[in-house]
Structure formats: structure tokens, C-alpha cells
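First comes the structure, then the notes that go with it.
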Amino acid sequence: MAISSRLLSLLLLSLLVSSAIGEKTKGVTYDGRSMIVNGERELLFSGSIHYPRMPPKMWPDIIRKAKEGGLNLIQTYVFWNIHEPVQGQFNFEGNYDVVKFIKTIGEQGLYVTLRIGPYIEAEWNQGGFPYWLREVPNITFRSYNEPFIHHMKKYSEMVIDLMKKEKLFAPQGGPIIMAQIENEYNNVQLAYRDNGKKYVDWAANMATGLYNGVPWIMCKQKDAPAQVINTCNGRHCADTFTGPNGPNKPSLWTENWTAQYRTFGDPPSQRAAEDIAFSVARFFAKNGTLTNYYMYYGGTNYGRTSSSFVTTRYYDEAPLDEFGLYREPKWSHLRDLHRALRLSRRALLWGTPSVQKINQDLEITVYEKPGTDCAAFLTNNHTTLPATIKFRGKEYYLPEKSVSILPDCKTVVYNTQTIVSQHNSRNFIASEKAKNLKWEMYQEKVPTISDLSLKNKEPLELYSLTKDTSDYAWYSTSINFDRHDLPMRPDILPVLQIASMGHALSAFVNGEFVGFGHGNNIEKSFVFQKPVILKPGTNTISILAETVGFPNSGAYMEKRFAGPRGVTVQGLMAGTLDVTQNNWGHEVGVFGEKEQLFTEEGTKKVKWTPVNGPTKGAVTWYKTYFDAPEGNNPVALKMDKMQKGMMWVNGNSLGRYWSSFLSPLGQPTQFEYHIPRAFLKPTNNLLVIFEETGGHPETIEVQTVNRDTICSIITEYHPPHVKSWERSGTDFVAVVEDLKSGAHLTCPDNKIIEKVEFASYGNPDGACGNLYNGNCTSINSLKVVEKHCLGKNTCTIPIEREVYDEPSKDPCPNMFKTLAVQMKCGNKK
């Protein structure tokens, strides 16, 4: 049968419309409300994850866990100094393969923010600048300085061209939806005066000129040029951010610090999940549409990559800890927050906001699109007192310093202070398969001035001497004394004094270890003083000077210095002898580094002797072999009885350790060090330690790491879990029949609950791993919890009073009740 021309036209029109609907608009734009990705407004929940801070084998799992945590965007820097360590020679292999990393993110359906720097800070060596840049004549970093902007543009162009070549930008179908140029420049801008402002303008024009297919941002840049978005970094951007510096720019939070990085000598850093959730909820209530957790996974500073004094472990308090394990409740409490905000998405992105201040602490923020969508934020800003707030005819209880989210302006699905998700505690377990380590040692020869070929009248500056090729450099000089020059009394010894610009040193006199001195992250310079034994005749003073990373922040980084600057011998019969200009020999690195004693081939180059009992230890190499620990849990090295040095497994550097630098709490800042499973073979793994000052290798322990201790701490006034609701089109509906609160627990890795270690229904207190009873608890607590949970992978424990006690037998009927439980997970038998 013939088809009429009119019908044919309608069919063709229908096909064209269907094709247009099916094909999304590619590209990224923005306005004063939000980012618009491929034609859709987006609420963006982002996390910082850095590709060089973990082996590539870990990338997919870490990204998967981030996605499970409700993230849809990953933020990463591009690290200039690892990609171009030598001018003109590039490295994008292994865990430096940024293209593969971005593609891995895209394969899991997440977007990317690319922070190309080239200054990144990030507690990374020299802020990401390669060492060779420091030696460019007449250069001034991060200023409108011709040598610097020449190299900055050349590098930036190389990165952008690589991304375009691999089709990684969103308009090309890739995951990159934003890019950042520079980093927190307002912190130093005034130091550069007019050249600071000129540099900011130049950087913005340069970046957008290289590629304008995605928005460019500048973080902490209040006066950002019109073509880039200024963003906030900090802990409480809802209160500290003055807002975008243009009406058509959205409010973006590019660094929400999940704790704080640590430097050696620091006490632990913590930030409660409740505080992070409170700050994010307030930011979104104030028209924010992007938050980025810095860090979401911190990882490890392998090798010599960390900046001055920064620990090898990086942001271990993030939602995913250094080992890639869920840190609870931080991970899941934020996951639940993201779900609550997504349930409010339509109102937040298209509704009109209004704010009602009840008093100085209480406020109600409503986003409403009349007749369709409404979402409300009920806020109690008081830090110690709970409150009740009346909203649209109903009273709502608000704990102290909290925000309740109502995606339909009626139902509380989430409160930032009341954690419904589970908690956990980390355990380090000595490996059975990797115990009884048999150690061998090789001690470095302490050089004299005649052994060192590079001579200078006075000690050379340390940064420019090592050129960032090693943490170490030897300095040596010799002095002749007559016996009448030396103290005659046996109770008086000469004192060796070394004034150093940082960071640390080990001193030797006539080949014998004298002592160790160091600065810290705040004051890198220090004065070393130790009594020494001198002899008539020739005496040798040798110094092993040490850096602990290059500086990464502040103005004029290219003008920082380190190393010994003055050496004197005090207490001689003629007074103090200044030997600073006595002629010195120098050598970069230590012998074992050059011979690569940390590799299988390198170990054959020297004679090792068994370690039997205590050793002298200074500048000593230790090696042993171990089998990969049992199971699949992450692996760690316990180093609490060692002092300071470096570690390698099968030739892979695990980074620096420094167990002798105690925090004010009397404990090392870090003494467990991550050994990625990707570095291990099933058997016969080579472990090599270079110890600078002396330790006890026999106490080193290979461990496995788990978070098999899970807990819940929940009260009667906690709302039901946010998973109890969902959006069905424009409707907001419950997906469970009985909307009740309760304790929800799940063992990781399909393990089962094998033991209930603590259970109390009353007024218990404490934290996971350290829970304890208050003055009231139901005698049936343990029985109820065991009934609901033992032998299961996941369980829900009711919170209702009648489950625990008959009304007449309630030990504390007039008390708000809390249920606290702690359980141990294990493998199925």
C-alpha cells in the first residue's frame, strides 16, 4: 500500500525528534546557579584522588569505592616534576600514567576536574615544580617573570594537547568537565606586588587561550579574571566564602579538608564526619552546587615525593584511609548526605531560595518551585545546645550544630549530627606467613675529605648540591690538633657545633657516630651540639646532611636554602675554633643508593653479615626476605623501634620513615607503612631498610590491616536511614513499609559477624573500639543483638524500648535511649 507524502513527512519528523532527544548535547557551561554538563544541571560531589599516590592496580577499586560513596566527580592534580624530571624528558608510565587514570575514572561513569597547576602545593616536593626549573637563570616562580611564564606555558600546552589528543575533555566525549590553573595564589600575591596581578591575568588568558571547551577555575582567588570561576578552599566555606566575583559564576568548593596532612613530629589530625556533613549541608543550603573532599583518598608519598617534613602517609583520616579501606562513619555518613541532597536536587537546581532567621542560631532555608518541588534545610548553629524548630505547622528536633534535610519540606531524611550509618575500627595483625624475619646488614663507610672529589672552601648549600637526586650528601673536613690544644681535664670534652639551615644531619668524628640533629616543619634550621672525643694529630669531621623534601608553599620558593652553614669546635684550650672555611669535601648520596642495594642485583655488590643482637646501626643497610602475608587484606610494615631512614620492597620505594621524631603525645607521628599488594610476589620478597642513626631491625613486623571491628551508635531520635526514600519522577516516596530507625551493620568483603563484643541499650558512651557502659543499660542488650546479627553478613537491630524490656522492668524509663554495639567480623567457616 502506498504511503502518503504527509504521513512520510510525519515519520521523518518523528525520527529526527527522537534522534535529537537521544543524543545529549556535549559540552560544559555554567551560570549563577550551577554547572551545566552535557545540557543538564548538576549537583557535583567530588573527591580528590591523586594517581601517583598509589599503584595503578589500586585505581579501579579506589574509584569504585568513591562512586559507591555517592561521588560523581574526581579531582586530581597533574604533577609536573614526575612527568618532566629532566628538562625535555617526559615520563607517563606506570603510576605516572595520568591518561590511563582519567580513562579509568571515565569508564566508571565519573567526571574529572583536572588541576594542571603547574604549581600544585599538595604537600608535594617543591609544589610540583621540577628541580631543573629552579636553575633557570633569572627565574622567579609564580610571578610575571619572563623565564617562568615561558616554561609554565610550554608545560601547560603540553598537558592540554595530551588531553585533547586522547579526547578526554567533555566536548570530545571525555570525562574532564573542568580545569584549574594556578592554586591558592591569593596567599602569596601581595609578595609579588604588580607582577602578582599581571601574573593572574596572564595565567587566566593563557589557560583559556589553550582550550576553552570546559570552564577554568582558580581556587582562593577573590579577584579572579572574568573568564575563570573563583572557588573556595577550607573547612567551612558556607561561612568563609565571600561568593563568586561575578553574577553568572556558580558557588564551588574545591577543597573541603577532610582532616589535615601531617608532618613528622605532629600529633594526629582528626575531623569528625558530623562536622564535614554540617559544613556541606550549609554550603548547599546557601546556593552551593559542588563540594570536593580534599582528600577523599590520600594514599602514600612513595619515594622522595613529599614536601618538607610531610609524612609518608597522606590524609589517612580521609573517607578512604591510606590502605583504601572505608573509614567509618566518615565514608557512609557522607554517602548518606549525598543521597539526601540528590533527593532535593530538583528544588535546589530550579527552585527559588528563601531564608527565615528564627533567632541568632536557628534558621530555615527553603528552595521551592511552586506546585512542583520543595526542599528545606533546618539549621541549628548553636555548638552545644539542641533546639526545637516549628516549620509549616510541625515541630522538628534539631541536635546541636546540625542541619536537617527535608527533600519534600515535610520529612527529615538526614541530620548531619545523627549518624545512622555504621562505625568501624582499624586493626593491625602480625602476619603468620611473614614472621621470624632473618636480617643481614651492611654498614656504609664514613668518608673522609680525601674520599670526596667535590671540594670547596666552605660547605656548599644542600638543595643546589643534591639537585633533588637524593635526600643525602656527605660533607667532610680534617683538622690537626696538638695535644696541648685539647682539654687536659678528663671531665671536659670539646663540643662540636653545627648551625644548619635544615633539615637534619648525622655527625661523625674520626668515623664514629656522634649524634643526630634536626629541625621541624615550622623551624627548619637548628643548631647541633654534641661533646666529641678528639685526638692529637689529624681528626676528621664528617657530616651526613639530609633533606626531608623540598618546600612546597609560600612566596619565592626558588630562594630557599638548606644544609650546614657554620661549623665550630668549642672548648679547646685556645677557645672556639671555626672550621666553616677549613676546606670541605662533598658527595651527593650514599654508597648504597648508588649501588642500588635495595634491588636484587644490587644486594650482590656488597658482603652482608647476619644480624645477631644489637648493632651500632648508623648509616647501615638491612635486608631480609618474606612471603606475601595470608589473605587479601592490605599489608603494612611496623617500624616503631627504628629511627629514621628509607624502605624498599622488591626495589619499590615505600618512602621515608622517621619513628624517632615523637609528637607531643610521646608517640611517633607514623610508624606503620603501607606495602601495596601490587609490590609483592607470592614468596621471597626482598625488604631493604636504610637506617641513618641506629634502630632494632629485629622488631620490624609485617602486618595485615583490616577494619573488621564494626559498630553502631544510634539514639531513639535518629531518623530512619536515608535509603528508606526515593524519587519517582516528581514524587517523593517511601520504599519501605515500616519507617523506623535502627542500627544497620554490614561486614566488609562478605565476611560474617562472628562475635558481639559489646552491646548496651541505655546511655553507653565512647567510640568504636572503645565503647563502655554508662550508668544505665538493659540486661537484655547482648541477647537482642546476638539474636539479630550473629552469623550474618548484614543485620538491622531495632531501637524500640519494648524489644529490650517490658515497661515495668525498664531500668531508666525517663531517659533518652542509645544503642551502642561492637562486633567482630570474620571469614565464613
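The values are calculated or read from the model by the stated rules, or taken from the named source; none is laboratory data. As the structure is a prediction and not an experimental result, all values here were calculated from the model. Every residue, glycine as well, gets a Cβ built from its backbone with ideal geometry; the counts of neighbours run over all protein chains shown. Only protein heavy atoms, including side chains, enter the accessible area calculation; ligands, DNA and RNA are left aside. Shrake-Rupley method; radii C 1.70, N 1.55, O 1.52, S 1.80 Å.
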Relative packing of 384-392, 300-308, which averages over residues the other C-beta atoms within 10 Å, highest first: 300-308, 384-392
Accessible carbon and sulfur surface of the range 446-589 relative to its total accessible area, %, 1.4 Å: 52
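When you count, for each residue, the other Cβ atoms within 10 Å and take the mean per peptide, how do 236-245, 702-711 rank with the highest first?
Values: 236-245: 16.7, 702-711: 21.8.
Going from most to least packed, we get 702-711, 236-245.
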Accessible-area order (highest first, 1.4 angstrom probe) of the listed residues Val280, Val527: Val527, Val280
With every protein chain in place, the range 674-785: carbon and sulfur % of accessible area (1.4 Å): 46
Links that overshoot a 28 Å alpha carbon limit, given the list Lys26/Lys410; Lys369/Lys390; Lys524/Lys607: Lys26/Lys410; Lys524/Lys607
Full-extension gain in nm, Tyr717 to His150, via 0.36 nm per residue minus C-alpha separation: 198.0 nm
Rounded, prolate or oblate (a/c below 1.5 giving rounded, otherwise prolate when a/b exceeds b/c) for the range 41-327 by Cα gyration tensor: rounded
Per residue value of the accessible surface for the chain (all protein chains in place, 1.4 Å probe), Å²: 41
The chain: angle of helix 98-107 to the longest principal axis, Cα-based, in degrees nearest 10: 20
Spin-label model distance (nm) - Val606 vs Lys530, 7 Å beyond Cα toward Cβ: 1.9
Heavy atoms of Asp765: accessible area, 1.4 Å probe, square angstrom to 10: 90
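What ranking do 247-253, 750-756 get when scored by the average of other Cβ atoms within 10 Å per residue, highest first?
The most tightly packed comes first, giving 247-253, 750-756.
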Residue pairs, from the table Lys67/Lys755; Lys723/Lys829; Lys220/Lys286; Lys723/Lys817, whose Cα atoms sit over 21 Å apart: Lys67/Lys755; Lys723/Lys829; Lys723/Lys817
Whole-percent carbon and sulfur share, accessible surface of the range 41-327, 1.4 Å: 48
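Among rounded, prolate and oblate, which fits the range 740-826 when a ≥ b ≥ c are the square roots of the eigenvalues of its C-alpha gyration tensor, a/c under 1.5 means rounded, and a/b larger than b/c means prolate?
prolate
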Reach of Lys530 by Cα under 15 Å, taken over aspartates and glutamates that are not fewer than 8 positions away in the same chain: Asp491, Glu512
Probe 1.4 Å - accessible area at Ile533, Å² to nearest ten: 130
Summed side-chain charge close to Asn287 - residues other than Asn287 whose Cβ falls under 12 Å, Lys, Arg +1, Asp, Glu -1: +3
Length gained when the stretch Ile522-Tyr772 is fully extended (0.36 nm per residue, less Cα-Cα span): 86.1 nm
Rounded tilt (10° steps) of 5-22 against the dominant C-alpha axis of the chain: 40
Shape of the range 580-679, Cα gyration tensor, a/c cut at 1.5: oblate
Unpaired by the 4.7 Å Cβ criterion, cysteines found in the chain: Cys219
Nearest-ten-degree value, helix 273-285 long axis tilted from longest Cα axis of the chain: 60
Those trypsin sites (Lys or Arg not before Pro) in the range 427-503 that DSSP places in a loop and that have at most 14 other beta carbons within 10 Å: Lys433, Lys435, Lys438, Lys445, Lys457, Lys467
Separation between Cα centres of the range 728-790 and the range 273-336, rounded to whole Å: 26
Partner lysines for Lys638 [C-alpha distance under 20 Å; skip if fewer than 8 residues away on the same chain]: Lys433, Lys435, Lys438, Lys623, Lys681
Local electrostatic count at Tyr556 - Lys and Arg +1, Asp and Glu -1, tallied over other residues with Cβ under 14 Å: +4
For the range 338-369 versus the range 449-464, the gap between their alpha-carbon centres in whole angstrom: 65
Radius 13 Å from Cβ of Pro811, net charge of other residues (Lys, Arg +1; Asp, Glu -1): 0
Chain lengthening between Leu662 and Thr383 when straightened (0.36 nm per residue, less Cα-Cα): 97.2 nm
Cross-link reach list, aspartates and glutamates versus Lys783, counting only Cα pairs under 18 Å and skipping chain neighbours closer than eight places: Glu754, Glu757, Glu800, Glu802, Asp805, Glu806, Asp810
